[in-house]
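Notes follow once the structure below has been shown.
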Amino acid sequence: MIPASRRRLVVLYVVLAALLAGLGYRAWSLQVSAHASYVSAANADRIRDIVEPPVRGEIVDDNGAPLVSNGSALTVSVNMSVLSEQPGNGLPELRILARLLGTTVADLQQKTRPCAAGVSSPCWPGSPYQPIPVAQNVSQQVAVQVLEDKRELSGITAQVQPVTDYAQPIGTDASQLLGYLQPITAAEVKKLGEPVTGFSGVDEVGQSGLEGQYDKQLRGRER
């Protein structure tokens, strides 16, 4: 008969061998079998494709004076589809953002509500699933605070976006001639055959007048 001490020693050897075999298999699985997938995941985590939207072209009169000018500005946007999944339906995030922007929660809620029959301006004419711009030309300090505090400001971003300015009073007097812009819809994306290129997923397209007639030329191409 095998002494009890020797049997315990044999069991210990078997357990150690099993552990070593398990560790060896796991190391092989991570370094060989799943190597490609982990490399791909690491690259995806550190590499991000950024599409720079074009600044919309200007509309000028016969003397070259701008009727519609365009540029870029730091813009704060709110993604209501993300906020709606947060505790309190996103109200705590809107309170923090309102303090940063020096405005009220009621003002932000008005700007982010979908436009519909019976809903007065301000409201959002685009898709409720797109980030909604709520403040333009914010300071770099505000933008940095928004970007750094992602835990308390989920669904809120601050990015450089194209902005359009209609010279006054011609912008109002000739509004029917100049036309207007509106956030692109899913139907328009499909019709135009072009992807949404804005930083926040919001592109604007001309809807009437010169903005609509020459929309393709005025929008330019993303980089």
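Go through region 106-122 residue by residue and tally those that are in contact with a Phe, Trp or Tyr (Cβ under 7 Å, 6 or more places away or on another chain) and among the hydrophobic types (A, V, I, L, M, F, W, C).
Here the count works out to 1.
In region 118-131, the count of residues that are open to solvent by 30 Å² or more (accessible area, probe 1.4 Å) and aromatic (Phe, Trp, Tyr) is one or more.
Taking residues in region 62-84 that are closer than 25 Å to Pro128 by Cα and of a type in the set (Asp, Glu), and partners anywhere that are open to solvent by 20 Å² or more (accessible area, probe 1.4 Å) and assigned to a loop (DSSP other than H, G, I, E, B), not one pair has Cβ atoms closer than 9 Å while being at least 6 places apart or on different chains.
For region 61-89, taking the residues that are under 22 Å from Gly155 (Cα atoms) and in a loop (DSSP other than H, G, I, E, B), the one that is least open to solvent (accessible area, probe 1.4 Å) is identified as Asn79.
If only residues of region 43-60 that are in a loop (DSSP other than H, G, I, E, B) and open to solvent by 50 Å² or more (accessible area, probe 1.4 Å) are counted, the one that is modelled with the highest pLDDT is Glu58. Counting only helices (runs of 4 or more DSSP H) wholly contained in region 114-223, the ones carrying 1 or more residues that are modelled with pLDDT under 75 and touching an Asp or Glu at 6+ places or on another chain (Cβ under 9 Å) occupy 170-173, 186-192.
The values are calculated or read from the model by the stated rules, or taken from the named source; none is laboratory data. What you see is a predicted model; the values in this text were computed from it and never measured. Note that each Cβ is placed from the backbone with ideal geometry, even for glycine, and that neighbours are counted across all protein chains shown. Note: areas computed on protein heavy atoms with side chains; ligands, DNA, RNA excluded. Shrake-Rupley method; radii C 1.70, N 1.55, O 1.52, S 1.80 Å.
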